[in-house]
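Here the structure comes first, spelled out in structure tokens, and everything after it is commentary.
The values are calculated or read from the model by the stated rules, or taken from the named source; none is laboratory data. Computed from a predicted structure; not experimentally measured. Ideal geometry is used to build each Cβ from the backbone, glycine not excepted, and the neighbour counts take in all protein chains shown. Accessible surface areas use protein heavy atoms only, side chains included; no ligands, DNA or RNA. Shrake-Rupley method; radii C 1.70, N 1.55, O 1.52, S 1.80 Å.
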Amino acid sequence: NITPRLGEGADIHEALDALVQHVRKASNAEVVSCFLWNESLQRHVLRAQSGWVDPSWVDAAWYGIGEGMTGKLAHAVEPRHIPDLKDFKKGTHEEEGKYLDAMFGASRSDSQTHEVIALPLAFGKPSLGIITMHRPRLRPITSHPTGFTTVDDEMLHETCERLSAFVFSILENDLAQWRQREAERLAHVQAVLLADKQVELLLSDAARRIV
């Protein structure tokens, strides 16, 4: 099962953290990243990670539409297994990855590349984002064995569907929690205003009596 069990009342940060931890263990990935689409910023923002050397990039790392592997594949329809990230980048004049130092540290050899699984997230609407899984790999790659639990195309499609539905439910729950907090805040404001009005009426009545 690629999705974790969540405790009742888990907020979006707890839910996404539990998800990437669970995906990392289930897939045998070294690093898992969850980038979600931010409509107001018009970019994919890192909302959760597992395995990053520098986890402070959560809510700071981002990719624009079509930027890098992450930005390109986030809007793809199909999941993708990339045996060699350097080979994937060949001829695109792009760096191997602008956050690889934050993910794996700066001490990487020239012969090291990364094997990647990219799972675009969509649930009856435009892209929700993307979950990527990375594993270090040495070049040259002369055979196709993978370090991941599976790269079977059918399994990746099924995993993509499950994760998309799960992330959608997390986002819907977060929206519902926000609406509840807003309703409670407005109710409190109305109660305070009503109390102030009642005090004002009492003072006004008292002033009339004195006069």
Calculated FRET value between M155 and Q112, using beta carbons and R₀ = 30 Å, to 0.05: 0.65
Compare W57, W52, W37 by solvent-accessible area with a 1.4 Å probe and give them largest first, with all protein chains kept in place. W57, W37, W52
Sorting L171, L138 on solvent-accessible surface, 1.4 Å probe, most exposed first, gives L138, L171
What figure, in Å² to the nearest 10, do you get for the accessible area of R162 with a 1.4 Å probe and non-protein molecules left out? 110
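Show S127, S56 ordered by accessible area, largest first, where the area counts protein heavy atoms only and the probe is 1.4 Å. Could you put the intermediate results ahead of the total?
Working: S127 20, S56 85 Å².
Ranked list, largest accessible area first: S56, S127.
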